[in-house]
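Only the coordinates and a few stated rules stand behind these numbers; no lab work does. This is a predicted model, so every value here is computed, not measured. Positions of Cβ are backbone-derived with ideal geometry, glycine not excepted, and every protein chain shown enters the neighbour counts.
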Amino acid sequence: MKILVSAAQIQASVESLAAQIQEREGNRPLTVIAIMTGSIVFLADLIRKLEMPLRVGVVQTSSYRGTARGPLAINAGMMPDIAGRDVLLVRQGGAVRALADRCNHRGGPLHRGALEDGCVTCPWHASRFRLEDGSVDRGPATSPQPTYDVRVAGDRIEIRSAASRPA
Ligand code: FES
């Protein structure tokens, strides 16, 4: 068997990632979501290196029925709720948009950013995210900003993680 990535390389990558997370998040409580089951060993290695308070959730996905590929099914029954998380809410026309408030680039506070042309601009390094779907309009961020499903019920605004949508 040919070894493509050595155990030492994997360990070094886990330590590097943990250091980046620790630097970015400080001691803020962190929710870590594992995609079952392939990421479990990696998750165990990673969370041992993190020092902040952690919540761990898992999402189980599958797209094969026997040998046939089908629609992606997500079982989010073990997802932690998002109570206590910082969320940016913006009324846009007749819709309310919800994005994670901490910029995925380096954690900038999006609630302090400018709103323009259907986008929010991070005040730290000027990444722009589309309010509608969190996609990147301008870097340096390279990943979409997480968004939430929103439902307005009377005078309440209810949000849920997109990952917890029923399959
Ligand atoms: S922290 Fe938002 S662009 Fe860098």
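With θ taken as phi - 60° and the coefficients 6.51, -1.76 and 1.60, list the Karplus ³J(HN,Hα) couplings across segment 132-143 in order, rounded to whole Hz; mark glycine and proline as x.
So the Karplus estimates, Gly and Pro as x, are 5, 9, x, 5, 7, 8, 7, x, x, 4, 10, 10 Hz.
Only sites in a loop by DSSP and with at most 16 other Cβ atoms within 10 Å count here; which GluC sites (Glu not before Pro) in segment 113-159 make the cut? List each step's numbers first, then the result.
Numbers: sites: Glu116, Glu132, Glu158; in loops: Glu132.
Hits after loop and neighbour filter: Glu132.
As an exercise, use a Förster radius of 22 Å and the Cβ-Cβ distance of Asp45 and Ser135 to find the FRET efficiency, rounded to the nearest 0.05.
Rounded to the nearest 0.05, the efficiency is 0.10.
Pick out, from Gly118, Cys103, Gly154, the residue whose Cα sits farthest towards the positive end of the charge dipole of segment 87-164, with +1 on the Cβ of Lys and Arg and -1 on the Cβ of Asp and Glu.
Farthest towards the positive end: Cys103.
Convert each backbone phi in segment 5-16 into a coupling constant with the Karplus relation 6.51 cos²θ - 1.76 cosθ + 1.60 (shift: θ = phi - 60°), then list the ³J(HN,Hα) values in order as whole Hz, x for Gly and Pro.
Going residue by residue, I get 10, 6, 4, 5, 5, 4, 4, 5, 5, 4, 5, 5 Hz, with x marking Gly and Pro.
Using a simple charge model, +1 on the beta-carbon of Lys and Arg, -1 on the beta-carbon of Asp and Glu, nothing else, what dipole does the chain show about its Cα centre, in debye to the nearest 20? Don't skip to the end; give the middle numbers.
Values: 21 positive and 16 negative charges, 59 e Å.
For this selection, approximately 280 debye.
Please quote Rg/Rh for segment 87-164 to two decimal places, taking the Kirkwood radius as Rh and restricting both calculations to Cα atoms. Kindly include the intermediate steps, with their values, before the conclusion.
Values: Rg = 11.9 Å, Rh = 12.4 Å.
Taking Rg over the Kirkwood Rh, I get 0.96.
Given points 7 Å out from each Cα along the Cα-Cβ axis, report the Ile159 to Ala114 separation in nanometres with one decimal.
2.3
Calculated FRET efficiency, His125 and Arg28, Cβ-Cβ r, R0 22 Å, to nearest 0.05?
Details: r = 19 Å, r/R0 = 0.87.
According to the calculation, E is roughly 0.70.
To the nearest 20 debye, what charge dipole does segment 7-75 have about its Cα centre, counting +1 at the Cβ of each Lys and Arg and -1 at the Cβ of each Asp and Glu? Intermediate results must be reported in sequence, preceding the final value.
On the way: 7 positive and 5 negative charges, 64 e Å.
Taking the Cα centre of segment 7-75 as origin, the dipole is about 300 debye.
Pairwise over distinct Cα atoms, reciprocal of the mean inverse distance: report the Kirkwood radius of the chain in Å, one decimal place.
Values: mean 1/r = 0.0554 Å⁻¹.
Computed over the chain, the radius equals 18.0 Å.
Could you list which residues have their amide H under 5 Å from that of Asp137, counting only those 5 or more apart in sequence or on another chain, with H placed in the peptide plane?
For Asp137, whose amide H was placed from the backbone, the distant partners under 5 Å are Arg128, Phe129, Arg130.
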